[in-house]
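Notes follow once the structure below has been shown.
The values are calculated or read from the model by the stated rules, or taken from the named source; none is laboratory data. A quick note: this is a predicted structure, and the numbers were derived from the prediction, not measured. Counting neighbours? That spans all protein chains shown, and the Cβs are built from the backbone with ideal geometry, glycine included.
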Amino acid sequence: MPVQRLGWVAYRQRSFMAGMAPALMVLALITIAPAVYLVLTSLTPLNLTLPNTAWDFSNPAGNYIDLLEDPRFTRSVWVQVKLSVSTVILQLLVGLGVALLLNGGTRIRELARSGFLIPMVLPPIVVGILWKVMYAVDISPFHRFMAYIGLPVPSLITDPNWALFAIVIAETWEWFPFTMLMVLAALQMIPASPLEAARIDGANNWQIFRFVMFPYIQSTLVVAAIFRLIDSIKAFPLIFVLTDGGPGDVTEVTNYYAYRQAFTFSLWGYGSAIATLMVAGIFVLSWVIDRLTGAADAEAD
Amino acid sequence: MATARSRISRRQMLRVGAGSLFIPFSLNAGKAPAQGGKKPFEGVTLNISCWSATYPKLIADYLPEFTERTGIKVNYDTPGFPVYNQRADLELSTKGSGFDVLNVTFIYTSRWIGAGWLTPLDPYIKDANKTPADWDYADFLSGSLQPMKDKAGAVYGIPWISDVLMAASARFDIFKANGLGMPDSFDELDKAMQVVNKKEGVAGFSVENHWGWTFIPFLQGFGGNIFRNPPDDLMPTLDTPEVAAAAEYFAKLLNSYGPEAASGYTYDQVTEALRAGRVNFSPHNHAFCALMGQEGSKVTKTSNFAMIPKGPKGRFPGVASHGWGIPVGAKNKDASWEFIKWSMSKDFIARLTQKHGLGSVTRKSLINSDAYKQRMVINGVDTGKIFLDSIAMSEQGYMKYRTVHVYPQANAQINQAVSRVVSGQMKAKESFAMAQANTMADLKRAGVKF
Amino acid sequence: MQRQIEPQPAAPRARPGPASRYWFQRNRRWLGDMGTIALLLLVLFPFAWLVQMSFRPNKDILGYELLFEPTLAHYKALWTGAFPASFVNSTITSVSSTVLALVIGVPAAYALSRGGFRSSRRIALWILATRMAPPIAFTIPFFLAYRYLGLSDTLIGLIIVYLTFNLALVIWMMQPFFDGVPRELEEAAWIDGCGVWEAFWRVTLPLSAPGLAATAVICFILSWNDFFYALVLTRTNASTAPVAIVNFIQYTGWEWGRIAAAGTLVMLPVVIFSILVRNYLVRGLAAGGVKE
């Protein structure tokens, strides 16, 4: 009967709304409220040693103007770019390579897959400690081995030219399993017929990869790259343990600079401004990428 | 004595409620002492933290005694210097009750006292019920107490050390074998280093990488200063030619005469290296130098000590005091004060100097005692005298830069500036020009008007 | 008339080049396996090194000999001091946060799946956004707010903060599982007189149990591994295991054993759990972005 059915539909919709409501409220409370508070704080010169700075909106753009003129900030952005680009590219390459290797389909490789996961699931602080051991010249087996064979390598993390590179290596080690898993999943979804056809046609491995496999995994690579890019902006424990932003500020990425300003000197207003800019930057970046890949997807379809 | 729990606010109810859900707060605060055979503070737990200097590390072994005597359990934590400072500063800024006793670090004294984050201690000292007369507050060196006081003279910390930078040589026999004495000036130091470096596999020079502390005697020795006229005129003066010259000299010492990865050495590493005879000369804290004469040291018979070398513009041995303080938000200040009393009592400190060779103490009676004087003589050299002479020099006032409330920011900038010069990233002039600009920006943000 | 196609033996294709290349091609499988194992050993080397350090006696801690006398001294030493308490804290916060996220998030995921809301795309974007924001954007306001509310250094404070990523994760991960349960089953239950949520509880949930389990484990792993929030929002009472390890990091040679032991203990639960849910891991970590 139409009346009963209508009542049921309404009831059903209400039930679903009721199911969503708590989650929406909680999400709003813990994401929107802090975001608003963050932006508000960034408009004040909040400094906990000077209590009267708490709600001082007399100079709202003050922090932002300071930021634009702050060479340390611009430098941190540049360091961030260097770190993100290198580590994402490396993660993609290594992940792709290992995924191709593991695609072989033997039992051993299946089992090995779990082993390769380990770097990614370790608590990041433990990864930091691992690499601190690897990079500490008098402790590290790597350094001592190199010295043993007569090619001593000086300390990397105290060398301004190599410190960032050292972090890139550690970061790549930690996260390549992510891209590896994603690419592997995509590889295993490639239908068998094009592969067979190519093989029968006499294509060598490189050609098979380039012309048959690559188009299938292309979008996966892009998605993986986006995720790794966004995650690389959050890099913290590695820098905290390995270099503390140094030597000097060679490895001080924007995230770390914000941490220093807010949590080392209690300059909350300034730190908030940096954080706000970071969030805005990430949103813009994702929007741009979304547009680009959306357009590419539309073309591919 | 009014404690912090005279007003229960909603926040405190929430906190207690939340806390009691998960981790039982074992507080029995406010209990009357000595209730029929029970210990005065039975059931109380204190959270105490300090940076990992000799004295705080030694205390850890004696905590069971303290618990035995008073019933107070102690959660004790001694992280490295920079980690400790950052944590303590963050915690104090919340006026929270996470810690009951904290180290008042020298460079932060003005900041923490000025912001009202520490508890005034005079009421505890003057109250005869809380502090027996023989604890003898007057016994503390006035020079050590000075930074722990605010402008009005109220005291916020009980100093447990006066850190003094002095010159130490672990393998003075190498100096002697080459006809050299302890270098007294920067020039003599440079010449001596050229000669003794790498002799017998011992690196010439080493210094801990807290440049904001160890570089300053050189900076001032060349005629530079951090601020124009602290504490009134806080205009930074880091971009002067004197500072650049000092930085170049300092970097040369480290790079030409230092061991591998010299610029990464922390204070524990330098101490270990000296004790093992792996490095020769170091400007180092007296308290750590004293360990060169302690068991486990390989260089007791070959050490020598002197005051910090002087530069063209004079001698400026660094002097700094650290003390125990009570955060303003601590829950059981009486118990906190018990800890401070015990750990700074005459006989406890005397025991530490006797048994472990603890140096750089702040109690006049101890410094003048024969037993201490004897302990401080290492290989025939009276380090106690060097200590006192250096403190006497510091009364001229050149250390005022360090208790300025914005010095931590300048300290961080100096650390980075020297780091850049030592690692070869930048020339001294450039690096310190950058430090100057950054310091001015940091100071402005912290509310300093130029 | 049909021609009989006779089966022909597979002839080896003529390959140009030296015989060794032929050997490589023939044994590709086996070589690949060996290569995999070698690569795996190389990649896991730093990890293995840390674990073995945790068993080495102190005087030998930097040594190389493979046959050392394993000792449990470091683990025993960890048991005094604040480390066990931090381990307990980690467990409590991770479990509680996971449970809370599930309780709030699972109904929402179901509602999104079945409700046919027009704004579900916008909600998906919102979820993606929370995932993208750097933790510092949250820690500053939370730190200041907790200071006022008295939630600094409490476990509840951490649990609430962990919801910022766990809740979104639960919704993101569970929705496709619910999508995968055929509507007919639920509709049958509805016709039988079950309410919407009763049917959910009786029919849908049991069918999505594996997804639920995987989601729970991933939430647990992410909470357990967190470092930044715990570093900033806790001091002594509520500090979790990853933060407690930092206390050991000072350079005095003899602490390395304890650091290694602490690191090994802290990583153990997550490594075990991860291997159990490896198939769902990528999905969880990529929450919000993969276009199905």
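Restricted to the stretch C:1-83, the set of helices (runs of 4 or more DSSP H) holding at least 3 residues that are surrounded by 11 or more Cβ atoms within 10 Å (Cβ to Cβ) and at pLDDT 85 or above comprises C:28-53.
Restricted to the stretch C:118-146, and to residues there that are surrounded by fewer than 17 Cβ atoms within 10 Å (Cβ to Cβ) and not hydrophobic (A, V, I, L, M, F, W, C), the residue that is farthest from A:ALA35 (Cα to Cα) is C:ARG118.
Checking every residue in the stretch B:99-107 against the condition of being under 15 Å from the mean Cα position of the chain (by Cα), buried (at least 22 other Cβ atoms within 10 Å of the Cβ) and within 14 Å of chain C (Cβ to nearest Cβ) gives at least one match.
Cβ separations smaller than 6 Å between residues 6+ apart or across chains give the following pairs from the stretch C:32-55 residues that are more than 7 Å from chain A (Cβ to nearest Cβ) to residues that are modelled with pLDDT of 90 or more: C:VAL51/C:THR264; C:SER54/C:THR264.
What do you reckon, is A:GLY95 out of contact with any Phe, Trp or Tyr (no Cβ under 8 Å at 6 or more places or on another chain), within 18 Å of C:GLY32 (Cβ to Cβ) and small (Gly, Ala, Ser)? Spelling it out, it is not the case that A:GLY95 is out of contact with any Phe, Trp or Tyr (no Cβ under 8 Å at 6 or more places or on another chain), within 18 Å of C:GLY32 (Cβ to Cβ) and small (Gly, Ala, Ser). May I ask you to verify whether C:GLU186 is free of Cβ contacts under 8 Å to residues at least 12 places away in the same chain, over 23 Å from A:PRO123 (Cα atoms) and assigned by TED's automatic domain parsing to the domain that holds C:ILE140? Considered against the rule, which asks whether it is free of Cβ contacts under 8 Å to residues at least 12 places away in the same chain, over 23 Å from A:PRO123 (Cα atoms) and assigned by TED's automatic domain parsing to the domain that holds C:ILE140, C:GLU186 comes out as no.
Of all positions in the stretch B:431-447, none carries a residue that is at pLDDT 90 or above, part of a loop (DSSP other than H, G, I, E, B), more than 7 Å from every other protein chain (Cβ to nearest Cβ) and more than 26 Å from A:LEU48 (Cα to Cα).
Determine whether the stretch A:42-54 contains at least one residue that is farther than 17 Å from A:PHE263 by Cα, modelled with pLDDT under 85, away from chain C (no Cβ under 12 Å) and surrounded by fewer than 21 Cβ atoms within 10 Å (Cβ to Cβ). Yes, the stretch A:42-54 has at least one match.
For the stretch C:206-220, filtering for residues that are surrounded by 20 or more Cβ atoms within 10 Å (Cβ to Cβ), more than 13 Å from C:TYR280 (Cα to Cα) and among the aliphatic types (A, V, I, L, M) leaves 0. Of all residues in the stretch A:23-37, at least one satisfies being within 12 Å of chain C (Cβ to nearest Cβ) and touching a residue at least 60 places away in the same chain (Cβ under 8 Å).
Looking only at the stretch A:93-108, count how many residues are surrounded by fewer than 21 Cβ atoms within 10 Å (Cβ to Cβ) and of a type outside the set (S, T, N, Q).
So the answer is 9.
Screening B:SER336, B:SER390 for residues that are within 29 Å of B:LEU92 (Cβ to Cβ), part of a helix (DSSP H, G or I) and of a type outside the set (A, V, I, L, M, F, W, C) leaves exactly one candidate, B:SER336. Once the stretch C:127-156 is narrowed to residues that are aromatic (Phe, Trp, Tyr) and at the interface with chain A (Cβ under 7 Å from one of its Cβ atoms), the residue that is nearest to B:GLY329 (Cα to Cα) is C:PHE142.
Output the helices (runs of 4 or more DSSP H) that fall wholly within the stretch C:191-265 and possess 2 or more residues being over 26 Å from C:ILE156 (Cα atoms) and among the aliphatic types (A, V, I, L, M), or say none.
Once the helices (runs of 4 or more DSSP H) in the stretch C:191-265 are filtered for at least 2 residues that are over 26 Å from C:ILE156 (Cα atoms) and among the aliphatic types (A, V, I, L, M), what remains is C:196-199.
Any residue at all in the stretch C:237-256 that is closer than 30 Å to B:LEU90 by Cβ and more than 14 Å from chain B (Cβ to nearest Cβ)? Yes - at least one qualifying residue is present in the stretch C:237-256.
Out of C:VAL181, C:VAL170, I need the residue that is assigned to a helix (DSSP H, G or I), touching a residue at least 12 places away in the same chain (Cβ under 8 Å), crowded, with 19+ Cβ neighbours inside 10 Å and away from chain B (no Cβ under 14 Å). Which one? Lay out the reasoning, then the answer.
Numbers: C:VAL181 fails: assigned to a helix (DSSP H, G or I).
Criteria check complete, one pass: C:VAL170.
Just one residue in the set B:GLN409, B:GLN425 is in the same structural domain as B:GLY212 (by TED's automatic domain parsing) and in contact (Cβ under 8 Å) with a residue 24 or more places away in the chain; that residue is B:GLN409. Residues of the stretch B:416-430 being small (Gly, Ala, Ser) and either at the interface with chain A (Cβ under 7 Å from one of its Cβ atoms) or surrounded by 18 or more Cβ atoms within 10 Å (Cβ to Cβ) (or both), which ones? Those that are small (Gly, Ala, Ser) and either at the interface with chain A (Cβ under 7 Å from one of its Cβ atoms) or surrounded by 18 or more Cβ atoms within 10 Å (Cβ to Cβ) (or both): B:ALA417, B:SER419, B:SER423, B:ALA428. For the stretch A:255-296, a residue qualifies if it is more than 9 Å from chain C (Cβ to nearest Cβ), closer than 30 Å to B:ARG87 by Cα, small (Gly, Ala, Ser) and part of a helix (DSSP H, G or I), and the qualifying residues are A:GLY269, A:ALA273, A:ALA280, A:GLY281. Applying the criterion of being within 12 Å of chain A (Cβ to nearest Cβ) and under 18 Å from C:PRO210 (Cα atoms) to the residues of the stretch C:88-107, the residue that is surrounded by the fewest Cβ atoms within 10 Å (Cβ to Cβ) is C:VAL103. Filtering A:VAL77, A:VAL81, A:VAL85 for residues that are within 23 Å of the chain's Cα centre (by Cα), surrounded by fewer than 18 Cβ atoms within 10 Å (Cβ to Cβ) and within 14 Å of chain C (Cβ to nearest Cβ) leaves a single hit, A:VAL77. Restricting to the stretch B:81-105, what's the tally of residues that are in a loop (DSSP other than H, G, I, E, B) and over 18 Å from C:VAL232 (Cβ atoms)? The qualifying residues number 2.
Considering (1) away from chain B (no Cβ under 14 Å); (2) surrounded by fewer than 24 Cβ atoms within 10 Å (Cβ to Cβ); (3) under 17 Å from C:PRO135 (Cα atoms); (4) in contact (Cβ under 8 Å) with a residue 24 or more places away in the chain, the lone condition that A:GLN188 does not fulfil carries the number (3).
Hey, can you tell me all the residues within the stretch A:139-154 that are part of a helix (DSSP H, G or I) and surrounded by 19 or more Cβ atoms within 10 Å (Cβ to Cβ)? Of everything in the stretch A:139-154, just one residue is part of a helix (DSSP H, G or I) and surrounded by 19 or more Cβ atoms within 10 Å (Cβ to Cβ), namely A:HIS143. When the stretch A:155-195 is filtered for residues that are part of a loop (DSSP other than H, G, I, E, B) and either among the hydrophobic types (A, V, I, L, M, F, W, C) or modelled with pLDDT of 80 or more (or both), the ones remaining, listed by number, are A:SER155, A:LEU156, A:ILE157, A:ASP159, A:PRO160, A:ASN161, A:TRP162, A:GLN188, A:MET189, A:ILE190, A:PRO191.
The number of residues in the stretch B:400-421 being of a type in the set (A, V, I, L, M, F, W, C) and either assigned to a loop (DSSP other than H, G, I, E, B) or over 28 Å from A:ALA262 (Cα atoms) (or both) comes to 2. Could you grab me the full set of residues in the stretch B:67-80 that are outside any helix (DSSP H, G or I), surrounded by 20 or more Cβ atoms within 10 Å (Cβ to Cβ) and more than 12 Å from chain C (Cβ to nearest Cβ)? Correct list: B:ILE72 only. You will find that of C:VAL196, C:VAL243, C:VAL282, the residue that is in contact with a Leu (Cβ under 6 Å, 6 or more places away or on another chain), modelled with pLDDT of 80 or more and of a type in the set (A, V, I, L, M, F, W, C) is C:VAL243 and no other.
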